[in-house]
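Since the structure comes first, as structure tokens, the remarks are kept for the end.
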Amino acid sequence: MNESEYLTKEKFDALSEELNYLKKTKRKEVAEQLEYAKSLGDLSENAEYHEARDTQGVVEDRIQKLEAILKSATIVSSHGTDMVVVGSVITVVKNGDKGEKVYTIVGGEESDLASGKISVHSPFGEAVVGKKKGQSFSYEAPSGPIAYKIIDIK
């Protein structure tokens, strides 16, 4: 992961907390499960052992991913800018629609369309970053180009 991951301070703290939990608590729990499973005997047919090994792999993968994200993280705050950046809360209207939509531009780890958080790495995110209030932008969707106008930036 060479490119920087944009995170809000809250998300950075939450990921740091998760990493700390995985390293200090979960690793120990998995090691204890492995020891217990080994004590049951024949490892080739030991379901508990194989399950504990799988869990260990998942935990270690997540630790590596979190360490990479946090190492390359850029903490963002959009206060005081008139241009769309990561962390901006934007109000847009889609061409042809009357209703406005409000989205927050976030890093990939925080994206959650259901709560209006759109990744800066998405086609929408890439198209809107750097734009100013009143500007229009468009991006290529699977169904064809979609155009929006920025009503407000917070």
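The values are calculated or read from the model by the stated rules, or taken from the named source; none is laboratory data. Please read these numbers as outputs of a predicted model, since none were measured by experiment. Cβ sites come from the backbone with ideal geometry, for glycine too, and all protein chains shown count toward neighbours.
Pick from the range 81-99 the residues that are more than 20 Å from residue 12 (Cβ to Cβ) and surrounded by 13 or more Cβ atoms within 10 Å (Cβ to Cβ): which of them is modelled with the lowest pLDDT?
Across the range 81-99, the extreme among qualifying residues is 83.
Evaluate the range 107-114: report whether one residue or more is outside the structural domain of residue 37 (by TED's automatic domain parsing), over 24 Å from residue 13 (Cα atoms) and not basic (Lys, Arg).
No, the range 107-114 contains no residue that is outside the structural domain of residue 37 (by TED's automatic domain parsing), over 24 Å from residue 13 (Cα atoms) and not basic (Lys, Arg).
Might you let me know whether the range 122-140 holds any residue that is within 15 Å of residue 87 (Cβ to Cβ), under 24 Å from the mean Cα position of the chain (by Cα), free of Cβ contacts under 8 Å to residues at least 24 places away in the same chain and assigned to a strand (DSSP E or B)?
No.
Going by the structure shown, is residue 72 closer than 30 Å to residue 30 by Cα and surrounded by fewer than 17 Cβ atoms within 10 Å (Cβ to Cβ)?
In short, yes.
Looking only at residues that are under 16 Å from residue 71 (Cα atoms) and aliphatic (A, V, I, L, M) in the range 1-30, which one is modelled with the lowest pLDDT?
In this case the residue turns out to be 1.
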